[in-house]
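Taking it in order: structure first as structure tokens, then the write-up.
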Amino acid sequence: MTKPAPLTRDDVAHVAALARLELTDEELDLFTGQLAEVLDHAADVAALDLSDVAPTAHAMAVTNVLRPDEVRPVLDRDEVLAAAPSVEDHRFRVPRILGEAP
């Protein structure tokens, strides 16, 4: 695999123009060096032989952490509705979504 041509200041200026970024001369110099380092690292990673590595979605195995369903005591419906600010037909009454005041 051949290494790509070194990144130039003009390359960074072109990418900045495409992104509609206005960079000063100092920023162009700084970002050219930084972006070149990032691209060099990406090239090093791309050059690795990963043919024996299985594809993964996560670096570590992910397991489900849900608890088992168990029957448990529930609150009394009438007691809960008695504490509600508004009730209608034995249900909580809530404001309409489209602008009705509470």
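What about A19, is it of a type outside the set (S, T, Y) and either at pLDDT below 95 or touching a strand residue (DSSP E or B) at 6+ places or on another chain (Cβ under 7 Å) (or both)? No, not satisfied. Would you mind finding the one in V12, V53 that is in contact with a Phe, Trp or Tyr (Cβ under 9 Å, 6 or more places away or on another chain) and among the β-branched types (V, I, T)? Of V12, V53, the one residue that is in contact with a Phe, Trp or Tyr (Cβ under 9 Å, 6 or more places away or on another chain) and among the β-branched types (V, I, T) is V12.
Report, by residue number, each residue of the range 67-86 that is assigned to a helix (DSSP H, G or I) and among the aliphatic types (A, V, I, L, M). Give the derivation first.
Residues of the range 67-86 that are assigned to a helix (DSSP H, G or I), as a first pass: 77-82.
Within the range 67-86, V80, L81, A82 meet the criteria.
Suppose the filter is of a type in the set (A, V, I, L, M, F, W, C), out of contact with any Asp or Glu (no Cβ under 8 Å at 6 or more places or on another chain) and surrounded by 10 or more Cβ atoms within 10 Å (Cβ to Cβ); does L66 pass it? Answer is no for this residue. If I filter the range 16-44 down to residues being surrounded by 14 or more Cβ atoms within 10 Å (Cβ to Cβ) and of a type in the set (G, A, S), which single residue comes out as farthest from A5 (Cα to Cα)? Selected residue: A16. Can you pull out the residues in the range 1-56 that are in a helix (DSSP H, G or I) and either in contact with a Cys (Cβ under 6 Å, 6 or more places away or on another chain) or among the small types (G, A, S) (or both)? Scanning the range 1-56 gives A13, A16, A17, G33, A36, A42, A43, A46.
The values are calculated or read from the model by the stated rules, or taken from the named source; none is laboratory data. Nothing here was measured: the structure is a model prediction, and the numbers come from that model. No Cβ is skipped: glycine too gets one built from the backbone with ideal geometry, and neighbour counts run over all protein chains shown.
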